[in-house]
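Please read the structure below before turning to the comments.
The values are calculated or read from the model by the stated rules, or taken from the named source; none is laboratory data. Everything numeric here is computed off the predicted structure, so don't read it as measured data. Positions of Cβ are generated from backbone atoms using ideal geometry, with glycine treated the same way; all protein chains shown enter the neighbour counts. The area values use the complete protein model at the heavy-atom level, side chains included, leaving out ligands, DNA and RNA. Shrake-Rupley method; radii C 1.70, N 1.55, O 1.52, S 1.80 Å.
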Amino acid sequence: VACPANSLGINVPSLCTCNAGYAGTVAPTLTPPYYVSTCAPVACPTNSTGRDIIAGCTCAAGFQGATNVSASPPFWTSTCTAVSCPANSVGANLPSGCPCNAGYSGTIT
């Protein structure tokens with residue numbers, strides 16, 4: 001029996017593994033379709049948004065970088081990091097808030 005959707009390998013008896021970006025297992029059985037597959041797309045990483053890593057994830061508001069599919073656990077890579085507060089504001093980064101310095105006004109988003 002060939003490896004099921006979202007997995008790769010020679011065939012089920014020779015063991016199939018979930019595709020990059022998917023987590024789970026493929027196990028042979030004695031009844032049709034002769035395997036059980038739990039390969040499913042993994043959720044987007046922390047500090048990113050989207051349905052799942054296969055559909056695509058983007059860094060959340062206040063973060064910059066990228067996410068990518070990986071064949072190794074946790075089945076994604078992410079460089080989403082918090083954007084530093086701009087000049088004339090105080091604070092560590094945008095997600096934690098960046099109020100304007102004294103003498104300046106406005107909103108930083």
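Using the heavy atoms of the protein chains alone and a 1.4 angstrom probe, what is the accessible area of the chain per residue in square angstrom? Let's see the in-between values first.
Details: 6580 Å² over 109 residues.
On a per-residue basis, 60 Å².
Skipping prolines and chain starts, which residues have an amide H placed within reach, meaning under 5 Å, of the one on ALA60, given they are 5 or more residues away or on another chain?
Long-range HN contacts for ALA60: SER48, THR49.
Within the accessible area of the chain, what % is carbon and sulfur when the probe is 1.4 Å and the other protein chains stay in place?
Solvent-exposed carbon and sulfur of the chain make up 58 percent of the total.
Would you please put 29-35, 10-16, 96-102, 54-60 in order of how densely packed they are, using the mean number of other Cβ atoms within 10 angstrom per residue and starting with the highest? If you can, show how the numbers build up before the last one.
Values: 29-35: 10.4, 10-16: 14.6, 96-102: 13.0, 54-60: 16.9.
Averaged packing, sorted descending, gives the order 54-60, 10-16, 96-102, 29-35.
What is the diffusion coefficient of the chain in µm²/s, taking the Kirkwood radius over Cα pairs and the Stokes-Einstein relation at 25 °C with a viscosity of 0.890 mPa s? Intermediate results must be reported in sequence, preceding the final value.
Details: Rh = 16.5 Å.
The calculation lands on 149 µm²/s.
Semi-axes of the range 59-99's equivalent ellipsoid from the Cα gyration tensor, sqrt of 5 times each eigenvalue, largest first, rounded to whole Å? Before the final figure, lay out the partial values.
Values: eigenvalues 161, 11, 8 Å².
Semi-axis lengths for the range 59-99 are 28, 7, 6 Å.
Can you give the accessible area of ILE108, probe radius 1.4 Å, in Å² rounded to 10?
Approximately 60 Å² of ILE108 is accessible to the 1.4 Å probe.
Starting from the Cα-Cα distance between VAL36 and THR49, subtract it from 0.36 nm times their residue separation and give me the gain in nm to one decimal. Don't skip to the answer; put the middle values down first.
Values: separation 13, 0.36 × 13 = 4.68 nm, distance 2.98 nm.
So the extension gain works out to 1.7 nm.
Can you give the FRET efficiency for TYR104 and ALA27, using 1/(1 + (r/R0)^6), R0 = 41 Å, r = Cβ-Cβ distance, to the nearest 0.05?
The pair TYR104/ALA27 has a calculated efficiency of 0.10.
Given a cut-off of under 8 Å on Cα pairs at least six residues apart, what relative contact order in percent is computed for the chain? Intermediate results must be reported in sequence, preceding the final value.
Working: 228 pairs, mean separation 16.0, N = 109.
In percent, rounded to a whole number, it is 15.
With a point put 7 Å past each Cα toward its Cβ, work out how far SER70 is from THR58 in nm, to one decimal.
Output for this residue pair reads 2.3 nm.
Quick one: check the C-alpha center-to-center distance for the range 61-109 versus the range 1-21, whole angstrom.
Cα centroid of the range 61-109 versus Cα centroid of the range 1-21: 39 Å apart.
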